[in-house]
Structure formats: C-alpha cells, structure tokens
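The values are calculated or read from the model by the stated rules, or taken from the named source; none is laboratory data. None of these values were measured; they are calculated from a predicted model. FYI the Cβ positions are ideal-geometry reconstructions off the backbone, even for glycines, and counts take in every protein chain you see.
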Amino acid sequence: MIQIRVHQESDLYNPYDPDQFRINEKLYLYLKSFCSEAEFEQHIHDTMQLITDCPIDGDKFKAAILDAVRIDREEFDKLLSINNRRAIWCYIVGLMLSVVGVAISLLADQVLLAIISFFGTLTISDGLAIHTKINPDIRRMRRRLAPLSDFELEVIPADPSSPNPPAG
C-alpha cells in the first residue's frame, strides 16, 4: 500500500498545467520509487491511499497517473524501436565491412584489411550490445511501471485531531 498525504488537490498536479491534468513530477517520481523489481513481481503496492484535508477527485488523479505511465511506456517503446533500427544498421554495416575486408585480403594490403575488419567487428559488437544489454534494461524499466497501471485508489479524509496519517 502506498500512502500519500495531501493538503490541497492542486499539490497532486503540475503547477504549470492550468487544467490540472498532468501529475506533479515530484509526486510521480515518488510513486515510481515504489516500483522495484520485487514489488513488480509481488504486486505489494496494489492500493494507493490519499490522506487528505480537502475533497479530492480520485478518478481525475488516477487518470493523471495512468496518463503519465502511458507517456513513459510510449517513450520506452520509442527507444526500443530506435535501438532495434540502430542494431540492424550495425549488423548490416559490420557484415559489409567484413565482406570488404575479406575481398581486400585477397587483393591488397594486410594493414587495410586489419583496419576494416576491426571496424566491422566494432560495429557488430555495438549491435550485439544494444540487443543484449541496452534493450533488456529498457524493457525492465518499462515493466516496472506495471504497479502504477493497475491499482486501487482510496481517498481518506484526514482526522483533524491526529497529526499523523492512519497506518495501513
């Protein structure tokens, strides 16, 4: 369970958004801090409680969170797509350089062959790094957003006599 203490509904939204539909970035970072690998697998934080001094539109706040998650996921998907294209170009260029290197080895200087083969190997290595290291990390960050896409929201009025929020 995630608990958030709110004094005013405007604290939940970006202060520069006149329509108050975009979630406050600091609050969103706070919420994402609960999205670790262990919590993703166990769904520890499937309920979010807003402890508030004023009336809050819970549906509007939940929609703002879901919109922020959607934007992050789209950005991760875009990065994956760009990286996949880069990796394919790395493979193509690397293979072409390797073929040119073999052709030159039959015809010409061994130093030129070594340079071309070196660049071909580096380019193929870059493509492999994208597919084996970078893209899996991006996919993992994207999956970690799952708890923020499926949660129950409870709006709880604060007890004016208690300075501490209720424990859950």
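Brief remarks follow.
- Selection status of Ala103, in a helix (DSSP H, G or I) and at pLDDT 90 or above: no
- Residues (in a loop (DSSP other than H, G, I, E, B) and either at pLDDT below 85 or of a type in the set (A, V, I, L, M) (or both)) located in the range 21-35: Ser33, Phe34, Cys35
- Residue, modelled with the lowest pLDDT, within the range 106-144, restricted to residues that are small (Gly, Ala, Ser) and part of a helix (DSSP H, G or I): Ala114
- Within the range 47-58, residues that are under 13 Å from Asp11 (Cα atoms) sit with their Cβ atoms under 8 Å from residues that are surrounded by 15 or more Cβ atoms within 10 Å (Cβ to Cβ) and of a type in the set (Phe, Trp, Tyr), at 6+ positions apart or across chains, in these pairs: Leu50/Phe61.
- Subset of the range 80-95 [at pLDDT 85 or above and of a type outside the set (S, T, N, Q)]: Leu80, Ile82, Arg85, Arg86, Ala87, Ile88, Trp89, Cys90, Tyr91, Ile92, Val93
- Some residue of the range 57-79 being over 30 Å from Asp126 (Cα atoms), outside any helix (DSSP H, G or I) and at pLDDT 85 or above: yes
- Close contacts from the range 132-150, counting a first residue that is more than 28 Å from Ile2 (Cα to Cα) and a second that is of a type in the set (S, T, N, Q), with Cβ to Cβ under 6 Å and a gap of 6+ residues or different chains, come to Ile134/Asn83; Asn135/Asn83.
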